[in-house]
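Data first, discussion second: the structure below is written as structure tokens.
The values are calculated or read from the model by the stated rules, or taken from the named source; none is laboratory data. Everything numeric here is computed off the predicted structure, so don't read it as measured data. Counting neighbours? That spans all protein chains shown, and the Cβs are built from the backbone with ideal geometry, glycine included.
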Amino acid sequence: MTMWRSRALRRTAAALVGMSALLAGTTTAVAEPETQPRIQAPAPVPLPPEFDAAFYQPPADVVANTPPGGLIAARQITVANLGIIPLNVDAWQVSYRSNNTAGQPIPSVATLLKPRGVSPEPRKLLSVQIAEDSLAGYCAPSYALQFLSVASFAGQIVAPAEFVFAQAALQQGWAVVIPDHQGPNSAYAAGPLAGRITLDGIRAATAFEPLGVGDAPVGMYGYSGGALATQHAAELKQSYAPELNVVAAATGGNGPDLAAALNMANNQATAALVFAAVIGLTREYPYFAEFIDRTIDPLGRALMIAKGPLCVQYQSALLPFLNLKGMLRTQGDPLDDPAVRRVIEETRLGKTVPDMPMFVWHSRWDEILPLGSANAMVDAYCATPGTQVQYTRDWASEHIVAEVSGGPAALLWLRDRLDGVPAQPGCSTTDVPSMAAAPGVLPYAGSVLGETIMSFFGKPIGA
């Protein structure tokens, strides 16, 4: 224990010693695109994307000349719980190319994590999509999860909480990739964009030789805003990245229909959170941005400005119980406008059956994303013969509790798939009092929690 603690203290001291050098103007150079870019040394103190353009915004011609998922730059980082407790794992950031909704090349960033210890090569990989649910670059996981990041104290409360699920994967000996799936413009709720960035992040991770993944089996995990990215990636995988060896995906708290989410939130406590999704969509769909600019009232316009630089904790707390539809000056229901109908259809899930087994769960009493939409998505998948979906509805939870109770069950299911155990054939829908009561879930959750606490004292993860 003393040895682990001393190592952690040495890393902390080294980072603090270099702080003045960074603040004096140290910048990060971006390598030209190549199969394996030179790995840059970690910066003494991480900079948020807004002040780190050299890494987050490589030259447009470099991005354009890189294939989707191709590596542009890489650097070592130190990840930490809450930004202050370093994690004893190998960690990197990679910059890579993806595509936006218009088919144009865009830069993307993902965090790659490799546990300590020996693992059979190639090492299995889990792509964890964290629910960013925010509108600024400093809220992105790649910054929020770093040692000495201030994001946890500036409103990004979801990323450090969901980081525990990534650590659970590391404790299994798996490698982990965590993409900034909202893209360079923080386009919250733009699901197809998030799906492409997720798939290209897996491409980048499998190509990054130090991670040791290669063609090993890959799983995907996401909840709520992370489920949006994961489920779109699952639907897009066959057409966008058919070469990837994605063998399973697990998603909970799904929001397949943004119109249903807005109807549920209107005049309710979650209205501010959903309004942020409206703002995020304007950043990816120009025709929708034009509609909002043309119809929104002065209060809505002021809120768009006020919420623009905020992470999830503060943007979701800013004026809840909004009449979202009332802020739009349209004839009749704004959801009936052609521009709104178009963006809802473009972001709707359930149109393509994923070519992998799915584990889906949802709270019976979800107050943010309606159960009916999740039911409809599963029904749409299961109308196709040969679809494999295990769907569970939890009756003893709401939106947040459902991730705590269902996440461990999802990870156990993913473990079987990555170990080559076939998923149950066909589709099943099960109602349970609580997913926490499923066989093996509580012991597994206790083990994850215990290992996570030990990591606070510098214990190597995965050793």
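Details
- Pick from segment 74-93, criterion polar (S, T, N, Q) and closer than 21 Å to P58 by Cα, ranking: nearest to the chain's Cα centre (by Cα): Q93
- Taking segment 328-350 as the range and being hydrophobic (A, V, I, L, M, F, W, C) and in contact with a Pro (Cβ under 9 Å, 6 or more places away or on another chain) as the test, the residues that pass are L328, V340, L349.
- Residue satisfying all of: in segment 422-445; in a loop (DSSP other than H, G, I, E, B) and of a type in the set (G, A, S); farthest from E403 (Cα to Cα) among these: G426
- Taking segment 370-400 as the range and being out of contact with any Asp or Glu (no Cβ under 9 Å at 6 or more places or on another chain) and hydrophobic (A, V, I, L, M, F, W, C) as the test, the residues that pass are L371, V378, A380, C382, A383, V389, A396, I400.
- Residue in segment 51-70 that is within 30 Å of M454 (Cβ to Cβ), in contact (Cβ under 8 Å) with a residue 60 or more places away in the chain and either basic (K, R) or not in a loop (DSSP other than H, G, I, E, B) (or both) present: no
- When G440 is tested against (1) surrounded by 16 or more Cβ atoms within 10 Å (Cβ to Cβ); (2) more than 22 Å from the chain's Cα centre (by Cα), only condition (1) is not met.
- In the condition set (1) small (G, A, S); (2) free of Cβ contacts under 8 Å to residues at least 60 places away in the same chain; (3) in contact with a strand residue (DSSP E or B) (Cβ under 6 Å, 6 or more places away or on another chain), A272 is compliant with all but (3).
- Among the conditions (1) within 25 Å of M220 (Cα to Cα); (2) in contact (Cβ under 8 Å) with a residue 24 or more places away in the chain, E345 misses just one, which is (2).
- Candidates A249, A276, A233, A289 - the one that is touching a helix residue (DSSP H, G or I) at 6+ places or on another chain (Cβ under 7 Å), assigned by TED's automatic domain parsing to the domain that holds A110 and in a helix (DSSP H, G or I): A233
- Matching residues, segment 213-224, being over 12 Å from the mean Cα position of the chain (by Cα) and either buried (at least 24 other Cβ atoms within 10 Å of the Cβ) or at pLDDT below 95 (or both): V213, G214, D215, A216, V218, G219
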